[in-house]
Amino acid sequence: MWLVTESGLEQWLAAQPPPVSKWLSGTGFRGERHRVAVLPGSDGAVAGAVLGMGKLATLDELSLWHTAGLSDKIPGADYELRATPSLSAAAMFQAALGFGYGHYRFDRYRRAPAATRAPRLVLARGMDPDELDRTLQALALARDLVNTPASDLGPAELAEAANKLAQQHDAVLEVTTGDELLRRNYPAIHAVGRASAQAPRLIDLRWGNATHPRVTLVGKGVCFDSGGLDLKNSQSMLLMKKDMGGAACALALASLVMGAKLPVRLRVLIPAVENSVSGNAYRPGDVLSTRKGLSVEVGNTDAEGRLVLCDALAEADSEQPQLLVDLATLTGAARIALGPELPALFGNDDALVAAALAAGRQQHDPMWHMPLWAPYDDDLGSKVADLNNVSPTSFAGALIAALFLRRFVGERTPWLHVDLFAWNSKERFGRPVGAEAQCVRGLYALIRQRFAA
């Protein structure tokens, strides 16, 4: 499998046998990005293939997204990646990761197709197959969880997924369920989830040596969001099975950290609820208690994610971890500002934010820095409580949500908040419409750099 850029095509063709040059010229192949040409051998069998890399200045700039759709475009056989000049180890890993990523299928609800031979990649010498496998398994875990409809993935099933991961890595899991949340002082989580037929719960996973630096992940686990009494319309509700995308990505990130046995004391907190409508649903105008002791007036029941996260963040902050990251499909405003492919990143430490952005760029897993603009903090004011869960205006919704969460994190705790979409809304090369594991690889690289370098 040759990887060829547009600018390098002529030089590459000059080194090939004449039949190859004639074949590619006849098919109009120009090295365009994602263009695949299958090469026939003299006996009529498949001899190889060429993948266009587009306008890359150098092949070492390639990402997994250059090769992610390759397995759908080539016949079943064993392939070895080739490039001139040879790929760096980092680029080779990205190419192999993309090849594997494109094999993902969510076929739980489909009839099994007839068995066919799938293309396979022969890994280059020196590549770490375990790291590649861990990464692919973690990303598939997140995508499976997000793709699964709420009928089969409620708070109980999300807790079971965390339990399986804990057992796999000898972690300790504790789940606080139903009214026990009130007894243990997680009132906001309980309030949001109490209207569902499935009881709300807080999933709490711990792993690693207690003497190592503390890294805590918080993932929004709203398994379905009807909007509550501030009911969403039918179109807005269609994708709400993915409202636990932050929890899915947090579990995937935890899987990578534990699988690599990084020297950290890892904790994962997931408030798992379904925001439903029933006679005991929380209401607009209600005043909720929170774990931190702040009272919150409910301006909108459809802004439930920040309510469940605030209790989890207060608990996470109580241990003063060396890094606290929350991941959440939190606001439509972030999507309006940045679109579905670019998660919004907030943080209370500029150096930490810069390091996270750099790690994301390095792993082709981008985020975009958004400000915690202090003057907007006044928009969370309430006449009857310490704060409201929404602003009276429609402006700066992603910033308002981040400022709300900041109220529950101490100034001395290095904190990142990621507002992500966790979904591909359009078909792309190797990325079908459906779940996307965003920020997992970039944040994993950040944790490695800070605590395992």
field: Any pair with Cβ under 7 angstrom, 6 or more apart, that starts in the range 126-151 at a residue that is more than 13 Å from Leu253 (Cα to Cα) and ends at one that is part of a loop (DSSP other than H, G, I, E, B) and at pLDDT 95 or above
entry: Leu145/Leu153; Val146/Ala422
- prompt: In the range 336-360, how many are among the charged types (D, E, K, R) and free of Cβ contacts under 8 Å to residues at least 24 places away in the same chain?
  reply: 1
message: Can you go through Leu158, Leu121 and tell me which one is assigned to a helix (DSSP H, G or I), surrounded by 14 or more Cβ atoms within 10 Å (Cβ to Cβ) and not hydroxyl-bearing (Ser, Thr, Tyr)?
response: Leu158
- line: Selection over the range 379-426 where residues are of a type outside the set (S, T, N, Q) and over 20 Å from Ser236 (Cα atoms) yields a count of 27
query: Since Phe395 meets every condition but one in (1) within 25 Å of the chain's Cα centre (by Cα); (2) not in a helix (DSSP H, G or I), which condition does it not meet?
result: (1)
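Residue-wise test of (1) of a type in the set (S, T, N, Q); (2) more than 23 Å from the chain's Cα centre (by Cα); (3) buried (at least 19 other Cβ atoms within 10 Å of the Cβ); (4) not in a strand (DSSP E or B).
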residue: Lys164; (1), (2), (3), (4): no, no, no, yes
residue: Leu181; (1), (2), (3), (4): no, yes, yes, yes
residue: Ala197; (1), (2), (3), (4): no, yes, no, yes
residue: Leu217; (1), (2), (3), (4): no, no, yes, no
residue: Lys232; (1), (2), (3), (4): no, yes, no, yes
task: Output yes when any residue across the range 294-309 is more than 18 Å from the chain's Cα centre (by Cα), of a type in the set (S, T, N, Q), outside any helix (DSSP H, G or I) and crowded, with 24+ Cβ neighbours inside 10 Å, and no when none is.
output: yes
message: Among the residues in the range 349-360, are any buried (at least 22 other Cβ atoms within 10 Å of the Cβ), closer than 30 Å to Ala91 by Cβ and not aliphatic (A, V, I, L, M)?
response: yes
- line: When (1) surrounded by 12 or more Cβ atoms within 10 Å (Cβ to Cβ); (2) over 35 Å from the mean Cα position of the chain (by Cα); (3) modelled with pLDDT of 90 or more; (4) of a type outside the set (Val, Ile, Thr) are applied to Pro40, the one that fails is (3)
query: When you go through (1) more than 12 Å from Gly430 (Cα to Cα); (2) under 20 Å from the mean Cα position of the chain (by Cα) one by one for Gly76, which number turns out not to apply?
result: (2)
Cross-chain or 6+ apart pairs with Cβ under 9 Å, the range 179-208 first and closer than 19 Å to Gly154 by Cα and not assigned by TED's automatic domain parsing to the domain that holds Gly228, then modelled with pLDDT of 95 or more and buried (at least 18 other Cβ atoms within 10 Å of the Cβ): none
field: Selected residue (only one of Phe346, Phe408 is outside any helix (DSSP H, G or I), in contact with a Phe, Trp or Tyr (Cβ under 9 Å, 6 or more places away or on another chain) and not assigned by TED's automatic domain parsing to the domain that holds Thr67)
entry: Phe346
statement: Just one listed residue, out of Gly76, Gly54, is of a type in the set (Gly, Ala, Ser) and farther than 23 Å from Leu123 by Cβ, and it is Gly54
- prompt: Which one of these is within 17 Å of Val308 (Cβ to Cβ), touching a helix residue (DSSP H, G or I) at 6+ places or on another chain (Cβ under 8 Å), at pLDDT 95 or above and hydrophobic (A, V, I, L, M, F, W, C): Leu202, Leu229?
  reply: Leu202
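The values are calculated or read from the model by the stated rules, or taken from the named source; none is laboratory data. From a predicted model like this one, the values you see are computed outputs, not experimental measurements. No Cβ is skipped: glycine too gets one built from the backbone with ideal geometry, and neighbour counts run over all protein chains shown.
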